[in-house]
């Protein structure tokens, strides 16, 4: 199949979006953004100066003070226009995401669908929650109201693996609630982040409501923003290590937070499960988006005597996956997003070998003709994996699957709950309603799937996550309205 054309080959030096205008940074500190399939530069990323960070904070805070009383109908109109713009630019956004991140184009198109779902969910939140509550004649001559009010300006930090989806998991909700944002995206996918802002700009939001700056790898710039008294809190999706730092800072400063970290997810296959369907679930769950999906899984726990049959099916299907440039619509798996991501996954594979796991499919040797400088790894599968090995406890964040034998569903659940500190997701492949109910009730994770490889809830549900996978006041997506809004009660006596 022919490779589709990119929106651009080179996006040049990226700009900041502050107070409704695209501005050139004065910084001489820059990073390079590469197309992960080719390894070639597609953009130059300026790392913001402290003065530019302050400029973004000033812009957002002034917008909050000026626009916090914007009429409800006008705010709803902005959100509806935002949804229309995403729909209009759907294919363009998907191609930019595929080029900048590396994922397959069909996966990228699905991501834009998820973004639109979040915008729709934010619009729905306005009409359902934001209207508040009212009890008349609560007592003799007394009425009581519950009012939801916007909290203030928020810092939004988006990761390299889901730059657009993470944006949509916070920003539309913040804007619907009347909270301006400063978005500081990962250095790994800045072109995708800029593309989202250019589309959102067309919705006509007032100046200062949305601001975009690039901070590169400088945590201290994010700390500077969050430490400013005009900033109310942070929405973050990324690593647990950085998330803990942000959570500790929020605790010291008394700031609100929604902090989503790493996971170590499991797919459990029961003896009564459909093994053909299970194989497809494993391909998507373990190797979809090149293993860089928050709800993707590393650990495949196989119960009972189906192990050999499932292993053979999974191995055959993984070997047949087409790996290549995501702009080829027939490609099933693209490259890792950054060179250091590839190196990290290669080190993870080496660790598994040293721990005694058997590598029955090695994706490190894959070569893609015409893309020799790309950050490609093929699917890799380990067997003879103990749930107590480091590779079974820590996230690979790459296309690696660990096959683990279990004697029973009870044993599988115990491993999910005790061998890793994370509580992101777990899936069970089964035909038993009894076992499914047990799995749902007993797994200490925030997102459960039954006969699914990726337990992705719809946007008007929060992304669950427990234990060391989440810190803060409110989960992302629909639940983030609790981050951006505060409650006020009014007691009236006129009689």
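Of the residues in region 462-470, at least one is buried (at least 23 other Cβ atoms within 10 Å of the Cβ), out of contact with any helix residue (DSSP H, G or I) (no Cβ under 8 Å at 6 or more places or on another chain) and assigned to a loop (DSSP other than H, G, I, E, B).
For residue 399, the test of being under 24 Å from residue 32 (Cα atoms) and modelled with pLDDT of 95 or more is failed.
Listed by position, the helices (runs of 4 or more DSSP H) contained in region 51-135 that have at least 3 residues being at pLDDT below 90 are 72-88, 105-128.
Scanning region 1-33 for residues that are over 19 Å from residue 185 (Cβ atoms) and in a strand (DSSP E or B) yields a total of 1. When each of 77, 100 is tested for being within 30 Å of residue 28 (Cα to Cα) and either buried (at least 17 other Cβ atoms within 10 Å of the Cβ) or free of Cβ contacts under 8 Å to residues at least 24 places away in the same chain (or both), the lone residue that passes is 100. Using the structure shown, decide if residue 273 is surrounded by fewer than 22 Cβ atoms within 10 Å (Cβ to Cβ), more than 19 Å from the chain's Cα centre (by Cα) and within 28 Å of residue 418 (Cα to Cα). Judged against the criteria, residue 273 is not a match. Counting only strands (runs of 3 or more DSSP E) that fall entirely inside region 363-455 and contain at least 3 residues that are in contact (Cβ under 8 Å) with a residue 60 or more places away in the chain, within 20 Å of residue 347 (Cβ to Cβ) and touching a helix residue (DSSP H, G or I) at 6+ places or on another chain (Cβ under 7 Å), the qualifying elements are 400-406.
Could you tell me whether residue 43 is in the same structural domain as residue 150 (by TED's automatic domain parsing) and in a helix (DSSP H, G or I)? No: the conditions fail for residue 43.
Looking at region 203-219, is at least one residue farther than 27 Å from residue 123 by Cβ, assigned to a helix (DSSP H, G or I) and modelled with pLDDT under 95? Looking through region 203-219, at least one residue is farther than 27 Å from residue 123 by Cβ, assigned to a helix (DSSP H, G or I) and modelled with pLDDT under 95.
Residues are listed down the side, and each one gets a yes or a no for (1) in a strand (DSSP E or B); (2) over 30 Å from residue 474 (Cβ atoms); (3) modelled with pLDDT under 95:
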{"site": "288", "(1), (2), (3)": "no, no, yes"}
{"site": "302", "(1), (2), (3)": "yes, yes, no"}
{"site": "306", "(1), (2), (3)": "no, yes, no"}
{"site": "315", "(1), (2), (3)": "no, yes, no"}
{"site": "325", "(1), (2), (3)": "no, yes, yes"}
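Inclusion of residue 249 among residues that are surrounded by fewer than 18 Cβ atoms within 10 Å (Cβ to Cβ) and not assigned by TED's automatic domain parsing to the domain that holds residue 440 is warranted.
The values are calculated or read from the model by the stated rules, or taken from the named source; none is laboratory data. Because the structure is a prediction, the values reported are computed rather than measured. All Cβ positions, glycine included, derive from the backbone under ideal geometry; neighbour counts span all protein chains shown.
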